[in-house]
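To start, the structure itself, in structure tokens.
Quick note: the coordinates plus some simple rules give every number you see, no bench work behind them. Note that the coordinates shown come from a computational prediction; the quantities given were computed from them, not determined experimentally.
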Amino acid sequence: MTCHTPGPWDECRGANDTGCKCGLVWSLPADVPVASCDMRVEDNGPERFLPLGERQANARLIAAAPDLLAAAEAAYAAAGSIDLDGIVSAYAQLSDAIKKARGDP
């Protein structure tokens, strides 16, 4: 299994935090882009883009992926020793989410 690019990730902010609108998500330790949210919509009509705010929100969500995975792994480990009503279901959901994020079968 291939591991994801190390986090933390952050949305591009441009030089001097100017609020870049490129839609790239960067791995801070590796200093490389890991995703682009500058999605073009092509439906046999004129080329169009998702609204800027939506592209930026998507970039923030993707940038949070390593942190979300770490939180899910921590909750999964902590919940493994608790057997209360509702926790068992949450435990299974966390297990599935971690597997999905990791690309495990």
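Table for the structure above
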| item | result |
| --- | --- |
| 5 angstrom amide H check on residue 50, placed H, neighbours 5+ away | 39, 41 |
| Phi-based couplings in Hz for the range 27-34 (Karplus 6.51, -1.76, 1.60; Gly and Pro marked x) | 7, 5, x, 8, 6, 9, x, 10 |
